[in-house]
1. For segment A:255-289, give me the residue count where each residue is crowded, with 24+ Cβ neighbours inside 10 Å and either at positive phi or of a type in the set (Ser, Thr, Tyr) (or both).
2. For residue B:85, only one of the following conditions fails: (1) without any contact (Cβ under 8 Å) to a residue 60 or more places away in the chain; (2) buried (at least 24 other Cβ atoms within 10 Å of the Cβ); (3) under 30 Å from residue B:255 (Cβ atoms); (4) more than 14 Å from chain A (Cβ to nearest Cβ). What is its number?
3. Name the one entry in B:50, B:46, B:35 that is away from chain A (no Cβ under 13 Å) and either among the acidic types (Asp, Glu) or over 29 Å from the mean Cα position of the chain (by Cα) (or both).
4. Do you know which residues across segment A:263-312 are closer than 27 Å to residue A:356 by Cβ, β-branched (Val, Ile, Thr) and within 9 Å of chain B (Cβ to nearest Cβ)?
5. Within segment A:178-194, track down each residue that is touching a helix residue (DSSP H, G or I) at 6+ places or on another chain (Cβ under 6 Å) and either loosely packed, with under 12 Cβ neighbours inside 10 Å or part of a loop (DSSP other than H, G, I, E, B) (or both).
6. Hey, does segment B:223-241 have a residue that's more than 12 Å from the chain's Cα centre (by Cα), surrounded by fewer than 22 Cβ atoms within 10 Å (Cβ to Cβ), under 20 Å from residue A:277 (Cα atoms) and free of Cβ contacts under 8 Å to residues at least 40 places away in the same chain?
7. Give me a count of the residues in segment A:119-143 that are within 14 Å of another protein chain (Cβ to nearest Cβ), modelled with pLDDT of 95 or more and surrounded by 24 or more Cβ atoms within 10 Å (Cβ to Cβ).
8. Go through (1) closer than 15 Å to residue B:318 by Cα; (2) in a loop (DSSP other than H, G, I, E, B) and name the single condition residue B:56 misses.
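The values are calculated or read from the model by the stated rules, or taken from the named source; none is laboratory data. Being a predicted model, the structure only gives us computed values, none of them experimental. Note that each Cβ is placed from the backbone with ideal geometry, even for glycine, and that neighbours are counted across all protein chains shown.
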Protein chains: 2
Amino acid sequence: MSEALRIGIAGLGTVGSAVVRLFVEKAEMLIRQCRCPLQIVAVSARHRRRERNINLDSFIWYDNPEELAASADINVFIELIGGESGSAYRAVKLALEAGRHVVTANKALLAHHGVELAQLAESKGLLLNFEAAVAGGIPVIKILRESLSGSKTSRVYGILNGTCNYILTQMEEKELSFQECLKNAQDLGYAEADPSFDIEGNDTAHKLALLTSLAFGTVISLDNIYVEGIRNISLVDIRTADELGCRIKLLGVAVKTNTGIEQRVHPIMVPTSSAIAQVKGVTNAVAIETDLLGELFLSGAGAGGNATASAVIADIADIAKSHPGFQHGPVFGIPANTLKPYTKSKTRAHTGGYFIRLSVQDRIGTFSSLTKRMAENDISLESIVQRPAAETQTMHESKTVVLITHQTTEATLRKALTAITQDGNLIDKAQMIRIERYC
Amino acid sequence: MSEALRIGIAGLGTVGSAVVRLFVEKAEMLIRQCRCPLQIVAVSARHRRRERNINLDSFIWYDNPEELAASADINVFIELIGGESGSAYRAVKLALEAGRHVVTANKALLAHHGVELAQLAESKGLLLNFEAAVAGGIPVIKILRESLSGSKTSRVYGILNGTCNYILTQMEEKELSFQECLKNAQDLGYAEADPSFDIEGNDTAHKLALLTSLAFGTVISLDNIYVEGIRNISLVDIRTADELGCRIKLLGVAVKTNTGIEQRVHPIMVPTSSAIAQVKGVTNAVAIETDLLGELFLSGAGAGGNATASAVIADIADIAKSHPGFQHGPVFGIPANTLKPYTKSKTRAHTGGYFIRLSVQDRIGTFSSLTKRMAENDISLESIVQRPAAETQTMHESKTVVLITHQTTEATLRKALTAITQDGNLIDKAQMIRIERYC
C-alpha cells in the first residue's frame, strides 16, 4: 500500500497470539519482501490479562473489537474472533465501512455473509483476504482466485477437517473404535470438548461453501450442501475398506453436473493408492479438477496456530504489496455482484459404487432375500461378503454382510435399502458409504 | 494495469499456439476476472505458414521476435521461443528496456540470466512472470513468492521432469527396460528425439535452480547443482526398490544445511507410502518444507500445451490486475539486488541410507570381503541380499548383491566402494541410489 501498514488484531487465541509472536520474529523478513513498513499497533481480546506468552505492552488495547475495527489508529483489521455473526460480523463490517482492509480466518462468517462483505469491500476498493479460513496453510484461496484464471473447474474436493481425518487415521492405524479415537483427539487438543461441529461435517461444509464459490463463480449457499459426518463409521467399515483396497475419508465435494452444482460432505471410500488416501492425521488436502490442468492436488497443514498464522501473514503481505487507490482483485475471483446464483444439482442424483454393511439375522434365506431386492432395483453387485459379527454384537445369531455395488444412483439404492429394511432381516440400521474412483 | 493489455507473443510452438487458442476461447472469462480489456495484437514465429490450427489473421505479424519485443504495438511481451540465450534472451531484454511487462516459460533463460533480467524489470517497475517455467500447471512460483511470506524454507524438492517420471513409472508398472520405456515415451511425444537434456537431469536442474532462489532468497547458481540422470537405472533396481517398500524417482532437492545450501538432482528411493511416490507418469510434484507449515505438497500437470498455457494466462491475468505506476512485487520474492550469494554445501556431505547394487564374481569369500570393507569404513548394513543375476548377465559365475546401508555420508560410502572395486570382485560398475526418508 506504500503507506505504512498499521495493523489491528481482534482475537488473541491460539491463532491471534501466533500472529503477534511471528510478526515480531519475522518483521525484518516481511519488510524486505513487502518493501513497506508494517507493524501491529493495536489489539483487542476478551481478557486483557490472560497468559499468552507474548508481550502486548507496545500495542494500544481495545476492550471492544468493534471500536478497534473503526479506529483511526489502524488501516488493516485482522479478525480472529470467530463465529458466524455477533461481534466478528459487526467488527468486519465496521472496518470495511471505515475504509480498512480486512484479513479474516473466519469460515463461518464468510460462509454466511461472504457475498455481502465482499460487495462492501469491492465497493470501497478494499481487500478482504481469507486464506486462513480454508485448509489453514494450504494456499488454496489464492490458487483458485489467481492461478486458474484461464481454466474452468469441473470438481473441487478435499479433506478439510483435521479432527475428522485424525480420528479416521487413528481408527485405521491403531485399530481403535471411533469413541476411543475421539477421546485421544480431545486429549491432544485436536478436538473440542463438544466435537459435534467437526465430526458432524459442519466445519467441512463451511469451507466447502467458500471453495465452491471461488471454483464456480457462484454465490455462497451453505443450505445447498448435503452433510453427513463420521460418527457412525465403525472399525468394521475401516477394516472392510482396507480389504477392498480403500480408505474411508471425510471429503467435501463440489462438482458441476448436468443439472447444476452438487455439494456434499460425507465419508467416502477412496482407493488406497490415490493421493488423497495418503493424507494422514490432521493434515488437510484439496484437489481441483479443471479443463486445462486435469487434477491439481495440494496437501499440507490444515490447522494449528503457526499454519493458520502463516496464512494470515501472507494475506497481510498481499495488502502491503498492493497500492493505494488501486482497484483490487475481487474477493471471490470475480466481482461479488456478478457471482451467479446456481441450481442445486438434483438430490440423490449422485451415481457411483456403494459399500453397504448390514447386520442381519443369521437364518436361511437372508442372502437370497438381500440379493433379490438388489436385483429388483437393477443394482448389480461387485461382491457380497459375509463377515464375522461386529465386535459389538454378541448374539451369535447375527452376522455382518457387506455388499459392494457397481455404479448406481443413490435414489435407487435407497429404494432397495428401504425394501430390505421392511423385509425385517436387519437388526441394525444399514451402513452406506459411497465409493468414489476419481481420486 | 487499467489501460488495455496489448499482448505480443513470440514463439508459436505447442505452448504458444495453445495460448492463442485459449485466449480466444476464454476472452470473456478473462475480462470478467481482470476487469480490464486484454487482447493479443501481434505474434512472431520462425515460419509464418506452418499449420497450427489457429487463425493468425487478426494479429500483426513479425518475422523478428526482437522487433516485436520493442514494438509500440504491445505493452506485454510473451516469450515462448526457448533457449538460454540468443533470440529469447535478446528479445526479453529489449522488451524490458522498452517498458513492456514480460511473461516467459523459459527455465533455461532464467536459470542463466534470471537475476540480471529481474534487476532490469524491477528497476523499470515491470513484472517478469514465469509461472510456466517450473512444473507447468502447478502454481509453485506464486506460492513461493507470495504465500509463504512469514515462513522460512528448510527444504524444497520435487519431481520436475515428466519425461523421466513417465519412464520410471512405465519401468515399474510394465516391467520394461529403460530403453524400451524411453522409446515408448518418444513414440508418445513425451521425450525428444535427443532425450539427453531430460534424462540426464539437466531440465530438472534448471527448474531446481529457480526454486532454490525463490525458496532461500539466494542468487541463481546452476553450477552449484550436482546432477545425475536416470540412464543407468535398471529393472533390477526398480524391482529391488519395490521389495524394500520403495519407488525410485528422479528428484531435484535443495536443502539448507549447516554448511550452506545443497542442491542435487539424482534418482532417489522414496517410501512407497509417501505422497511423492504416488506421483505417476508425466505428472510433476513439488514439496516445500517450512518452519511454520511443515510440508506443503503440490502435484499436477507438469507439461503439455494446455497446462503450460494455463500458467502463462494466469501470469498475464496478474499483469492485467496490476496497476500503472505501481511498484510491483519482486520477481524472485525479494528485490533481485538483495538476493544473497550462498555457500554451496560441502560436496558429498549428504547423509542417509544407500542402496548399493553390485555384480560380483560368484566365488567363496566375496560376501565376507564386501562386508569387511563396509565395516572398515564404519558403515552399518541394514540388509545384504543376494539376487539372481541381472537379466542382462548370462555368465552363471556372476551374481547380484544388494546392500542397504544405515545412515552414512556419501564420502565414506564412496571410499568403501573404491576399496571394493580395487579388491577386484566387481564385474560391473557399482550402482548407488540414495534412500531418503523425509518424503
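1. Adding up the residues that qualify gives 1.
2. Here residue B:85 meets the rest and fails (2).
3. Of B:50, B:46, B:35, the one residue that is away from chain A (no Cβ under 13 Å) and either among the acidic types (Asp, Glu) or over 29 Å from the mean Cα position of the chain (by Cα) (or both) is B:50.
4. Across segment A:263-312, the qualifying residue is only A:279.
5. Within segment A:178-194, A:190, A:191 meet the criteria.
6. no
7. Total satisfying the criteria: 10.
8. In the conditions (1) closer than 15 Å to residue B:318 by Cα; (2) in a loop (DSSP other than H, G, I, E, B), residue B:56 misses (1) alone.
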